[in-house]
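Participant: Take this structure, written in structure tokens, and hold onto it; I'll ask about it next.
Nothing in this text is a laboratory measurement; each read-out follows from the coordinates by a stated rule. Since the structure is predicted, the reported quantities are computational estimates derived from the model, not experimental observations. Heads up, the Cβs are rebuilt from the backbone with ideal geometry, glycines too, and the neighbour counts pull from every protein chain shown.
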Amino acid sequence: MNKINFDKELTLGIPLIDKQHEEYVKRMNHFLDSYHHDSINEEALREEISFIVSYAIEHFDAEEALMKHTNFPLSKQHIAQHDFFKQSADSFAELKYTEENVRKLLRLLIDWFIAHIKTQDSKLAKHVKKIQDAKTSEI
Ligand SMILES: [Fe+2]
Ligand SMILES: [Fe+2]
């Protein structure tokens, strides 16, 4: 699996969210480095994964607080997606790290996460920017 490039496409223009997404990508890329390193054992990989997942959950909480704070109209569907990620990540905690299972796990941690940024998070960012712009024009 290739490393993730944190580029313009992933930058949404809300500094708090962008910073957290960048940190997530950094941790994920670190995991990919370890994974491609033959001598690393399953326990170490599990530790890295739980470090990544707990960061993702912290980040979801920050986004959900922002949704509440700005009365985001699509929060229900967005939070449902966060819950899907949490449940899916939980189910991997029980499974052995076979090549097939790690491939599925990476599909969640990378493909799902990136798609989520580009769809749900990007809608949230647009909403927050609209509110910020309205506030600036009031002054
Ligand atoms: Fe999100
Ligand atoms: Fe996000």
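Participant: Quick one: would you say residue 40 is in a loop (DSSP other than H, G, I, E, B) and either closer than 21 Å to residue 98 by Cα or among the charged types (D, E, K, R) (or both)?
Facilitator: Criteria met by residue 40.
Participant: Can you find a residue that is without any contact (Cβ under 8 Å) to a residue 24 or more places away in the chain and not in a helix (DSSP H, G or I) anywhere in the range 23-36?
Facilitator: yes
Participant: Looking only at residues that are in a helix (DSSP H, G or I) and touching a residue at least 40 places away in the same chain (Cβ under 8 Å) in the range 12-22, which one is farthest from residue 97 (Cα to Cα)?
Facilitator: If we take residues in the range 12-22 being in a helix (DSSP H, G or I) and touching a residue at least 40 places away in the same chain (Cβ under 8 Å), then 16 is farthest from residue 97 (Cα to Cα).
Participant: Okay, moving on. In the set 63, 48, 100, which member is exposed (fewer than 13 other Cβ atoms within 10 Å of the Cβ) and charged (D, E, K, R)?
Facilitator: Within the list 63, 48, 100, the selection yields 100.
Participant: Working only within the range 35-75, note down all residues that are within 13 Å of ligand 1 (Cβ to nearest atom), within 16 Å of residue 124 (Cβ to Cβ) and not aromatic (Phe, Trp, Tyr).
Facilitator: 56, 59, 61, 62, 63, 64, 65, 66, 67, 74, 75
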